[in-house]
1. Identify, please: which residue in segment 185-201 is under 19 Å from Pro23 (Cα atoms) and free of Cβ contacts under 8 Å to residues at least 60 places away in the same chain and is, among those, nearest to the ligand (Cβ to nearest atom)?
2. All but one of (1) farther than 14 Å from Val219 by Cβ; (2) more than 16 Å from the ligand (Cβ to nearest atom); (3) surrounded by fewer than 22 Cβ atoms within 10 Å (Cβ to Cβ) hold for Pro48, so report the exception by its number.
3. Would it be correct to say that Ser204 is free of Cβ contacts under 8 Å to residues at least 60 places away in the same chain and touching a helix residue (DSSP H, G or I) at 6+ places or on another chain (Cβ under 8 Å)?
4. For segment 89-117, how many residues meet the condition of being over 18 Å from the mean Cα position of the chain (by Cα) and part of a helix (DSSP H, G or I)?
5. Kindly evaluate Pro48 against the criterion of being out of contact with any strand residue (DSSP E or B) (no Cβ under 9 Å at 6 or more places or on another chain) and part of a helix (DSSP H, G or I).
6. Do you know which residues across segment 207-222 are more than 11 Å from the ligand (Cβ to nearest atom) and either buried (at least 23 other Cβ atoms within 10 Å of the Cβ) or at pLDDT below 95 (or both)?
7. Quick one: which of Ser204, Ser178 is within 16 Å of the ligand (Cβ to nearest atom), of a type in the set (S, T, N, Q) and more than 25 Å from Gly73 (Cβ to Cβ)?
8. Six or more apart or on different chains, Cβ under 7 Å: which pairs go from a residue in segment 144-163 that's on the phi < 0 side of the Ramachandran plot and β-branched (Val, Ile, Thr) to one that's at pLDDT 85 or above and not in a loop (DSSP other than H, G, I, E, B)? Could you list them?
Amino acid sequence: MFAPRLLDFQKTKYARFMNHRVPAHKRYQPTEYEHAANCATHALWIIPSILGSSNLYFLSDDDWETISAWIYGLGLCGLFVVSTVFHTISWKKRHLRMVERCLHMFDRMVIYFFIAASYAPWLNLRELGPWASHMRWLVWIMASVGTVYVFFFHERYKLVELLCYVIMGFFPALVILSMPNTEGIWELMTGGVFYCLGMVFFKSDGRIPFAHAIWHLFVAFGAGTHYYAIWRYLYLPSTLQTKVSK
Ligand SMILES: [Zn+2]
């Protein structure tokens, strides 16, 4: 990646915050500082995501809005809870190898469902064309295929894994772009940019100190931006929407 050419952190005073890189088939071992940061950067968002999801639930006016609030809320809270539990176990209970491995797989599977859940309110609540409407169920098929892939090939082909997330993240966006109502598109794209920038850090363990925790923060910014768009354009009553934009 670009980091070593710009700055080799291993030669700076910040090197003590991270370990050396590992070969592609091995897992990076974070330092104690990094473990703590990995836990904190996702634990911090558990309560806000529960409150935010409840807010959407209470703003719901019909059954579809209620169902979408549940799906989205479970995806959002699930991501931060599973990630926090996994990082805590891999920090404090790393001798429980099997538990840690299962949780790591679970952490990676949840990302697929989180992506599907993030699209669900848009796909369920906005008007879509006859072809585009198939994406409503297709996202869940994609999430299930991703989950099966993780189950069989977890950590085997890291680049393929990353590619799967990128496809899952961008493919449904094509449908969103074709919606007759385009309100919220800019926020959706901004959230997508946060996730993409975060991926640079996701692949930089051992090159940049706290790389994984920085990735977590980008995920939180992306999720926060998408939450704002869902709250404002899909749940907020239209009279209040105009007040917000003033
Ligand atoms: Zn993580």
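The values are calculated or read from the model by the stated rules, or taken from the named source; none is laboratory data. Predicted model, so just to flag it, every value in this text is computed and none were measured. Virtual Cβ from ideal backbone geometry, glycine too; neighbours counted across all protein chains shown.
1. Only one residue fits best here, namely Phe201.
2. With (1) farther than 14 Å from Val219 by Cβ; (2) more than 16 Å from the ligand (Cβ to nearest atom); (3) surrounded by fewer than 22 Cβ atoms within 10 Å (Cβ to Cβ) applied to Pro48, the lone miss is (1).
3. Considered against the rule, which asks whether it is free of Cβ contacts under 8 Å to residues at least 60 places away in the same chain and touching a helix residue (DSSP H, G or I) at 6+ places or on another chain (Cβ under 8 Å), Ser204 comes out as no.
4. At the first step, the residues of segment 89-117 found to be over 18 Å from the mean Cα position of the chain (by Cα) are 89-102.
In the following step, the residues that additionally are part of a helix (DSSP H, G or I) were identified as 89-92, 97-102.
Here the count works out to 10.
5. Numbers: out of contact with any strand residue (DSSP E or B) (no Cβ under 9 Å at 6 or more places or on another chain): yes; part of a helix (DSSP H, G or I): yes.
Here the answer is yes, as Pro48 does meet what is asked.
6. Scanning segment 207-222 gives Arg207, Ile208, Pro209, Phe210.
7. Being within 16 Å of the ligand (Cβ to nearest atom), of a type in the set (S, T, N, Q) and more than 25 Å from Gly73 (Cβ to Cβ) holds for just one of Ser204, Ser178, which is Ser204.
8. Thr147/Met109; Thr147/Tyr112; Val150/Met105; Val150/Arg108; Val150/Met109
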